[in-house]
Amino acid sequence: MSSSPLSKKRRLSGTETKTGSHCSSSNSVRTDLSHTPANGMAKNGNDAEIDEGLYSRQLYVLGHAAMKRMQNSNVLISGMRGLGVEIAKNVILAGVRSVTVHDQGVAEWRDLASQFYLREADLGKNRAEVSRLRLAELNNYVPVTAFTETLTGDFMTDFQVVVLTDSNIEEQQQLGEFCHAKGIKLVIADTRGLFGQLFCDFGEEMSVLDTNGEQPLSSMISMITKDNQAVVTCLDETRHGFESGDYVTFTEVQGMTELNGCSPVEIKVLGPYTFSICDTTGFMDYIRGGIVSQVKMPKKIAFKSFSSSMAEPEFVLTDFAKFDRPGQLHVGFQAVHAFQKKHNHLPAPWSKADGEEFLTLAKEVNAAQTGSAKVEQLDEALIKKLSFVAAGDLAPLNAFIGGLAAQEVMKACTGKFMPLMQWLYFDALECLPEQEGGAELTEEECAPRNCRYDGQIAVFGTKLQEMLGKQRYFLVGAGAIGCELLKNFAMIGLACGKGEVIVTDMDTIEKSNLNRQFLFRPSDVTKMKSDTAAAAVKQMNPSIRITGHQNRVGPDTERVYDDDFFESLDGVTNALDNVDARMYMDRRCVYYRKPLLESGTLGTKGNVQVVIPFLTESYSSSQDPPEKSIPICTLKNFPNAIEHTLQWARDEFEGLFKQPAENSIQYLSDPKFMERTLKLPGAQPVEVLEAVYKSLVTDCPHSWADCVAWARNHWQCQYSNNIRQLLHNFPPEQLTSSGAPFWSGPKRCPHGLDFSTSNELHLDYVVAAANLFAQSYGLKGSADRAGVIKILQDVKVTPFTPRSGVKIHVSDQELQNSNSSVDDSRLDDLKVQLPSPEASTFKLCAVDFEKDDDTNFHMDFIVASSNLRAENYDIPPADRHKSKLIAGKIIPAIATTTAAVVGLVCLELIKIIQGHKKLESFKNGFMNLALPFFAFSEPIAAPSHKVGTACLVCLSVLNM
């Protein structure tokens, strides 16, 4: 790219409007950065509403405040080869205010190896203009504009963040100094074959509002001393998890009330349950209670300019096994620029002559360095490999570096998460053939063929390309990871010969998918994911042979995915979102001796595991510890956190609108239902038949008014009468056998509520519950609140009367003991009282919980139910967004992590297809882009077991 002086003329394509004083002629055009998309969707900017339906999963990663800051950011991305378009794709999906893509070059054959928005018909056309059309489809809220003239400081002042890819070092220096001086945040990203580089400069002072993205910790307090360095002791149910230097605030402290609502206090950790704070000698004595909560404090960080940082680099290490690699590659990438400047082209693929000259240039570059930029001894073999593959362009590496770079753009826009300080280098040399130095590769084999895989052939030669085309792979899942995998498959040429990709996913596309699953568009909502994704990647590479299925993997589909199917496969790639399905596929791969590529994401965290028959352990060989469950008695009687009330609300939903209807339907339709039910252990037969009796007899509504009356009475039972009965059994002043207050520690003393139609939350509950109750009986509901209030005026509610002899269980052990007893007389009564199935005309419908439909009353019920119970126990309520996360068990997700993880998966795929045999050639990986942190390790070797005289490893199958 040219680094010529400032230019006033500029050419843009896309939405074009002349605004501002910088336009000096009639053919000078600028982007209107507050443009409203043609479909009428709201523009981004200060006055924009966040579309929670679209950005739902991303909002759980970033939060609303960060999202709003991002919606005010205009981003320029220069360079529309594979890396640039990957960054642009992720940034547009994220929802910035606008994106301008810049490139002065035209599409070439080698671009098609990784630039998924270029087609063969686009050869010779400007990359930015062609890419803009397809990028603009990703997010209707983000205007995308193309710019095809020389970048100038005048033009760049419109942007909050500038990204440079495929740029020469002179341009990086010139624009880097300009951006640093003007406070424009800068990201520079580059890939050269199997090598990647990333640089960030976010100015002389940046405020990071949240360094790690983790939810603030909180803990209940059991004691606070009165001292000049007071010691706070937390309840010993769980470790507090704080670190020295954290800041905390206090609420609900009794006695030492001066701490409540205080400014954030810095702490020093003394142990897993204790920490010290400020001087409390002047405070009142601590009595009991209190909650301590972590507060995220802003952190100021300073960046060096590009030139200063080039001379005094700080590196983020990506692989601890390659500790000295960043310094070597810092010199090596400068040598790439030097070679390109001297010859006006990159070193020829696997050219020994160019490799020798490149090494000489690298030595000259290193000799000119000073301080930390100079390496003591150049790794000549490494530098030559950089020369051999520098002309290559690999989709998986672009996906990895592009995901990282896009995340840094989001950090620059939002102040959320710790930015990269300031250089990152990465290589995947293990992908090369295992022969020392890749000896079998020659300049002739890796020379351009004027085909779409030239960028990949430059690195691996033609033999691998032929092998890729013959592969038959099974992809399980077509969600976020599945879409990214299919894009990479199409780019690298997997199954683009005689092979085939079979992708299965039984889900349909929803609006919330569009923010990450980039193969789908708004018009695809309700279509099958697998078929739609298959059609989309066929557009990217028409040669890919792909078939879409809509099957769930499991025992039920083993007639489809049978012996013949698995034996025909070369490998399996999982793109699943649950452990059970992963373990099932792992068992199938073990049985059929097929390699398995496993990956997953959670917000900014991601992991990759490669499973090779007879070489590595299987996926199921090691497991995460089980999630900690909430004790039943905590849920039923003693909640102390909003998570408890939300789980209680989910249990209420299932127990009111799903399970009774399912059991009743079975009772009416299955002659053996009663026989099966009576065989259930303990008190379960009574519980099940009692619920059926209520559904068919006592609670059965005949009208909408009956549903409203049922909802009102259920409200009275749960939020007033049951709470008052609990307080009757355990009064506020109750003491334990040891003399301690019963209502202390994790037990919060509740209070009953009094219903009022003027209380919005009370009415929310009745409207939602009545509508769900009506749905389960096939009755028509109503959202007319005024109509509901009118019906409620005639509803009679039984006043609370304390009952004696009611057993309320304090521990799960008590509950378990109670559940083991059977009320035979009640069971006999129920068998007689239940209506005859043959005479019944009921048509019940079980309501399946669906969190993402805001019109079905499901989340309305959950939010109201949970927050009313939270009010009972003086627990701070949760808004709808947080409630949906917890009750819906939503996995936070963001496109950047998915792209980066899948890039690593496909690098491992290349190793498998290359036929690598050495354990050390493969890499399991973990990353957290928020920190940023990376860890790579050799897979654990397959365990071996001696059977007689034979030594078998895991993934062996005994033929009996």
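Values in this text are rule-based calculations from the coordinates and carry no lab data. Please read all numbers here as calculations on a predicted model, not as lab measurements. Here the Cβ positions follow ideal geometry from the backbone for every residue, glycine too, while neighbour counts run over all protein chains shown.
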Review point. Whole-Hz Karplus ³J(HN,Hα) for the stretch 736-744, in order, using 6.51 cos²θ - 1.76 cosθ + 1.60 and θ = phi - 60°, x for Gly and Pro?
Key: 7, 4, 8, x, 7, x, 5, 8, 7
Exercise for review: Restricting things to alpha carbons, tell me how big the stretch 218-295 is in terms of Rg and Dmax, in Å.
Suggested key: 10.8, 30
Point to revise | Rotationally averaged projected area of the chain (alpha carbon convex hull; nm²) | key: 47.5
Review point. Once fully extended, how much extra length lies between E643 and K694, figured as 0.36 nm per residue of separation less the alpha-carbon to alpha-carbon distance?
Key: 15.4 nm
Practice item. Might you report the magnitude of the Cβ-based charge dipole of the stretch 266-380 about its Cα centre, with Lys and Arg at +1 and Asp and Glu at -1, to the nearest 20 debye? Key: 420
Check your understanding: In terms of Cα to Cα distance under 24 Å, which lysines are near enough to K790, apart from those fewer than 8 places away along the same chain?
Key -> K780
Practice item. Run the quick spin-label model on D285 and Q684: label points 7 Å from Cα toward the beta carbon, then report their separation in nm to one decimal. Key: 5.3
Review point. Which whole-number percent is the relative contact order of the stretch 218-295 (Cα, under 8 Å, 6+ apart)?
Key: 43
**Study point:** Packing-based ranking, highest mean first, of 704-713, 212-221 given that Cβ atoms within 10 Å are counted
**Key:** 704-713, 212-221
Review point. To the nearest 10 degrees, how steep is helix 659-669 against the longest Cα principal axis of the chain, on a 0 to 90 scale?
Key: 70
Practice item. Quickly rank 782-788, 554-560 as a protection proxy: mean count of other C-beta atoms within 10 Å, highest first. Key: 782-788, 554-560
Check your understanding: Using a simple spin-label model with points 7 Å from Cα along the Cα→Cβ vector, what separation in nm is obtained for T757 and K807?
Key -> 4.2
Check your understanding: In degrees between 0 and 90, to the nearest 10, how far off the longest principal axis of the chain does helix 454-470 point, with axes built from Cα atoms?
Key -> 60
Practice item. Give K658/K882; K185/K529; K636/K851 a once-over and call out the pairs whose C-alpha atoms are over 28 Å from each other. Key: K185/K529
Review point. Angle between the Cα long axis of helix 380-389 and the longest principal axis of the chain, 0 to 90 degrees, nearest 10?
Key: 80
Practice item. Figure the gain on full extension for E814 and A783 (residue separation times 0.36 nm, minus the Cα-Cα span) and round it to one decimal in nm. Key: 7.0 nm
Review point. Once label points are set 7 Å from the Cα along Cα→Cβ at both D577 and V832, what is their separation, rounded to one decimal in nm?
Key: 5.1
Exercise for review: Please work out how much length the chain gains when fully extended from H728 to E558, using 0.36 nm per residue of separation minus the C-alpha to C-alpha distance, in nm with one decimal.
Suggested key: 55.5 nm
Study note, to complete from the structure: Checking rank on 144-155, 91-102, 617-628, with mean other Cβ inside 10 Å and highest first, the result is 91-102, 144-155, 617-628
